[in-house]
1. Let a ≥ b ≥ c be the square roots of the eigenvalues of the Cα gyration tensor of the chain; is it rounded (a/c under 1.5), or, if not, prolate (a/b larger than b/c) or oblate?
2. The chain: longest stretch without exposed chymotrypsin sites (Phe, Trp or Tyr not before Pro) (DSSP loop, at most 16 other Cβ within 10 Å), sites themselves excluded?
3. Counting other Cβ atoms within 10 Å of each Cβ, which GluC sites (Glu not before Pro) in the chain have at most 15 and sit in a DSSP loop?
4. Hey, what number do you get for the chain at 222 nm if only DSSP H runs of n ≥ 4 count, each worth -39500 (n - 2.57), divided across all residues, to the nearest 500?
5. Nothing charged except the Cβ atoms of Lys and Arg (+1) and of Asp and Glu (-1): what's the magnitude of the dipole of the chain about its Cα centre? Round to the nearest 20 debye.
6. Less than 20 Å from a label point 7 Å out along the Cα-to-Cβ axis of residue 59: which backbone N atoms in the range 1-43 qualify, by residue?
7. I'd like the Karplus ³J(HN,Hα) series for the range 55-64: coefficients 6.51, -1.76, 1.60, θ = phi - 60°, whole numbers in Hz, and an x wherever there's a Gly or Pro.
8. Going toward the positive end of the dipole of the chain, with +1 on Lys and Arg Cβ and -1 on Asp and Glu Cβ, which of 57, 2, 84 do you reach last?
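What follows is calculated from the coordinates using simple rules that are stated; it is not laboratory data. Every value quoted in this text rests on a predicted model; they were computed, and no experiment measured them. Counting neighbours? That spans all protein chains shown, and the Cβs are built from the backbone with ideal geometry, glycine included.
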Amino acid sequence: MNEAQKEFFETLSSIQDNAVYQALGEYEETDSLTDLLYDATYEALTSFCELLDGYTNSNLQLDIINKRDNSSLKAGMQMHDVCANYLKWKSEKEDG
């Protein structure tokens, strides 16, 4: 494994830890397990997109390439902003 690959996986590990501990820190007894899982996965996935956008680790300049046409999926957007529009951070079902 080269240094960039090692740094990438170490950064992913850090993203996972941060997402779990943040979700646990915000968790309240009245929250559902589903909400906890949505919160943790939302945080992890948006943080991963921030990594792709270059905000997390300045040593890693990453991209996602569509192999069919060799185009960048990042073209013309900030991945973390768009990702946040698609993911849930809590269940849609309201407790009542």
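1. Judged from the Cα gyration tensor, the chain comes out oblate (a/c at least 1.5, b/c at or above a/b).
2. Longest stretch, sites excluded: 56-88.
3. 28, 29, 92, 94
4. Details: 3 runs with 53 residues, N = 96.
Counting only the DSSP helices, I get -18500 deg cm²/dmol.
5. Magnitude of the dipole: close to 620 debye.
6. The answer is 1-18.
7. 8, 8, 9, 5, 7, 10, 10, 10, 8, 10
8. My answer, from the dipole projection, is 2.
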